[in-house]
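Following: one structure in structure tokens, then a few remarks.
Each reported figure results from applying straightforward, stated rules to the coordinates on display, with no laboratory input. Computed from a predicted model, the values in this text were never measured in an experiment. Cβ coordinates were reconstructed from backbone atoms using ideal geometry, including for glycine residues, and neighbour counts include every protein chain displayed.
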Amino acid sequence: MKYRDSIKPISYLKTHAAEVVRDVCSNREPMIITDHGEAKVIVQDIHAYEQTQESLALLKMLAQSTASIERGEYKPAGEAFDAIKKRIDEKRGS
């Protein structure tokens, strides 16, 4: 994607707000809004925003998992599944 095609001044947003929303939603590409020539905000489709947030959450979980492994805070998958099965069996028995 070429961001230079999606950079607009804040005055454009003020006068074309409905068009900006329609364009951002239809092409699912963000629009960068500038103020005095400096990038200030991004207008983004809600679905693209949600997808970005989900991707960031997955990356955060991956980073946390990697850090746990580096600290030695893990157990083999077989042990983890056995512990889960045990907890399930204990819940069913209650």
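I'm checking my understanding of the structure. Among residues of the stretch 1-30 that are among the β-branched types (Val, Ile, Thr) and surrounded by 15 or more Cβ atoms within 10 Å (Cβ to Cβ), which one is farthest from residue 51 (Cα to Cα)?
We begin by selecting, within the stretch 1-30, every residue among the β-branched types (Val, Ile, Thr); these are 7, 10, 15, 20-21, 24.
Subset that is surrounded by 15 or more Cβ atoms within 10 Å (Cβ to Cβ): 20, 24.
Values: 20: 20, 24: 15 Å.
Ranking the qualifying residues of the stretch 1-30, first place goes to 20.
For the condition within 30 Å of residue 6 (Cα to Cα) and hydrophobic (A, V, I, L, M, F, W, C), what is the one hit in 48, 83, 67?
Details: 83 fails: within 30 Å of residue 6 (Cα to Cα); 67 fails: within 30 Å of residue 6 (Cα to Cα).
Answer to the selection: 48.
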- Query: Out of (1) touching a strand residue (DSSP E or B) at 6+ places or on another chain (Cβ under 9 Å); (2) in contact (Cβ under 8 Å) with a residue 24 or more places away in the chain; (3) of a type outside the set (Val, Ile, Thr), what's the single condition that is false for residue 36?
  - Reply: (2)
